[in-house]
Amino acid sequence: MQREKWASRLGLILAMAGNAVGLGNFLRFPTQAAQNGGGVFMIPYMISMLLIAIPLMWVEWGIGRYGGIKGHGTTPAIFPLLWKHPLSKYVGVLGLFVPFVVVCYYMYIESWTLGYAIMSVTGMLPAPSSHMVGSEAYLKPFQDMLNAYTGMGKGDIYQPSAMAYGIFVLTVFLNILILIKGISGGIEKLAKLAMPSLFAMALILMIRVLTLETPQGSAIDGLNFLWSPDWTQLSNPRVWLAAAGQVFFTLSLGFGAIITYASYLKKNDDIVISGLSASALNELAEVILGGSIAIPAAAAFFGILAAQNIAASGAFNLAFVSLPAIFANIPFGQLFGFLWFTLLFFAGLTSSVAITQPIIAFLEDEFKLSRTVAVISTMSVLFAVAQVPIFLGSALDEMDFWAGTFFVVIFALVEILIFFWAFGSRKAWKEINRGAIVKVPRFFFPVMKFITPVFLSVILLWWIFDVLPDYLKNGNWTVWIAREVLVGIAFFLGLLVYISQKKNRRRR
């Protein structure tokens, strides 16, 4: 059975950008910048982009294309081609574990944006009196709405509304429809529709937000707050680690999706310019558009101090509490609210299909299942596991910490060590540059071989010694159940890899 290929370079670049452009671009980035020195945050951000993100991006594209040529699109099968060691295929399980666990809760959050888009356009969101703008009481109905919709904040067992659960089922169904149609017929077509629409909506919202002005302040005040450098923070190691973490996550590195997407390339397809183009689209969405909507809008309506508090309260409150509250009291607010949540939904949808694809590709490549059977099997298990973060208190945060934060860094470090050290730095460099219209500057060779692994090791060690001990001390029975579920998923995926290896040996 011949593996699928991308129909066009444009479709590939937009799909890769869609994988990277997600909820974090419009929510996590402005929050991180606001909390870590404002404009000075961009200095470690750009250095980390140069020394971590761009090198890792090329490494993942190179690994993926190399594996795809040999008929494999996931790391349990690709790592043994690069590193001739019996453990390599089991180390590669991380390339299935991370994206699968992340998509189990990511798709649920994605469904909130679709639900809120519907509620925005139908007038179902609160409409408090305008004289309350700027006060905590003004935000309370929107906080209550979020709590009622998700069922969170009410003990150890959450009780989401019927609408929230129904929209989640609809979101899963939409993901299935796209994934069943395949790489060029589903994911590529989605990217060609969703990405231009996303950028158009973001541009409209940015223009509207930047013209906001109230007695409490203006959006320009918010931009000044967000980008005014606090130079004293430049020597703070936590700011550097936060910046490194942000650039790492903004390109969806360590999630396995880039490797799988790149496996559908032809042998001599360029990955140097294509990778940079996809990364540039992501940075445009994050720095220019993402940095010009949420925080400036909050500053205009609630003042700088309140905007700081909103940024500190987290992305959920920023997206689902403060922004709806703002749109409730501007002309055509329902329309702008609809655009905001539709923008987030498109960002989430293009990312969720990307991080679901590694499991589907594994079932197709290693078990020779049909596309339809692979998609239905994956989504059935995903739907079952998703009940844990939907109904179990603290489970979402627990799954995000391990799969979406901790093991992502480990997996990225493993990728670059296997590709540049086990496989060989000269062969890896040649693989990245094969078919390139413009070769990677030689500067990046020592960066990829030495600096990026050291940088990732520092981040990992910081997590292990500074964050992990305190994190493990906290937790109730729901946290322990979530951890048991994670162990069960890892064991199940490891078993699948073992069975696939047995089947492939018998075939040969």
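Just a few scattered comments:
- Simple rule: put +1 on each Lys or Arg Cβ and -1 on each Asp or Glu Cβ in the chain, find the dipole, and look at Leu284, Gln35, Leu82; the Cα lying farthest toward the positive end is Leu82.
- Dipole magnitude of the chain, debye to nearest 20 (Cβ charges: Lys/Arg +1, Asp/Glu -1, about Cα centre): 2540 debye
- You can think of it this way: the chain between Ile499 and Met163 has 117.0 nm of extra reach, that is 0.36 nm per residue less the Cα-Cα gap.
- Label reach from Asp397 (point 7 Å along Cα→C-beta): in segment 147-161, amide nitrogens under 11 Å belong to 153.
- Charge dipole of segment 62-214 (Cα centre as origin; +1 on each Lys and Arg Cβ, -1 on each Asp and Glu Cβ, all else neutral): 780 debye, rounded to the nearest 20.
- Charge tally in the Cβ shell below 14 Å around Gly24, where Lys, Arg are +1 and Asp, Glu are -1, Gly24 excluded: -3
- Exposure check, 1.4 Å probe, all protein chains in place: His85 carries approximately 80 Å² of accessible surface.
- Using C-alpha pairs below 8 Å separated by at least 6 residues, the relative contact order for the chain is 33 percent.
- Matching label, Cα extents along the principal axes in Å computed from the structure shown, candidates (1) 69, 54, 49; (2) 68, 58, 51; (3) 74, 48, 48: (3)
- Using a simple spin-label model with pseudo-atoms 7 Å out from Cα toward Cβ, Asp156 and Ala137 lie 3.8 nm apart.
- Over 23 Å (Cα to Cα) - which of Lys70/Lys503; Lys267/Lys439; Lys5/Lys449; Lys266/Lys430 fall in this group: Lys5/Lys449
- Cut-off 15 Å, label 7 Å out along Cα→Cβ of Phe316, residues of segment 154-174 by amide N: 154-161, 164-165
- Relative to the longest principal axis of the Cα atoms of the chain, the long axis of helix 162-180 lies at roughly 30 degrees.
- Cβ-derived FRET efficiency at R0 60 Å, Ala127 paired with Lys5, nearest 0.05: 0.75
- Length gained on full extension, Ala200 to Ile464: 90.9 nm, using 0.36 nm per residue less the C-alpha separation.
- Ordering Ser394, Ile376, Ile459 by Cα displacement along the dipole of segment 358-467 toward the positive end leaves Ile459 in first place; charges were set at the Cβ atoms of Lys, Arg (+1) and Asp, Glu (-1).
- When only the Cβ of Lys, Arg, Asp and Glu is charged (+1, +1, -1, -1), the dipole of segment 354-425 relative to its Cα centre reaches about 200 debye.
- Computed label-point distance, nm, for sites Phe491 and Leu87 using a 7 Å Cα→Cβ extension: 2.1 nm
- In segment 3-117, Cα pairs under 8 Å separated by at least six residues give a relative contact order of 12 percent.
- Summed over qualifying helices (DSSP H, 4 residues or more, each -39500 (n - 2.57)) and divided by its residue number, the chain shows a 222 nm mean residue ellipticity of -21000 deg cm²/dmol.
- Solvent-accessible area of Lys140, all protein chains in place: 120 Å² (probe radius 1.4 Å, heavy atoms, ligands and nucleic acids excluded).
- Surrounding net charge for Leu198, when Lys and Arg each add one and Asp and Glu each subtract one, Cβ distance under 14 Å: -1
- Label point distance in nm, Ile273-Ser380, each placed 7 Å from Cα along Cα→Cβ: 4.5 nm
- Partners of Lys192 within straight-line reach, counting aspartates and glutamates whose Cα lies under 15 Å from its Cα and excluding those fewer than 8 residues away in the same chain: none found.
- Farthest positive-ward along the chain dipole, Cα basis, beta-carbon charges - from Pro215, Val169, Thr150: Val169
The values are calculated or read from the model by the stated rules, or taken from the named source; none is laboratory data. In this text, all values refer to a predicted model and were calculated from it rather than measured experimentally. Ideal geometry is used to build each Cβ from the backbone, glycine not excepted, and the neighbour counts take in all protein chains shown. Ligands, DNA and RNA are stripped out before the accessible areas are found, and what is left, the full protein with its side chains, is counted by its heavy atoms. Shrake-Rupley method; radii C 1.70, N 1.55, O 1.52, S 1.80 Å.
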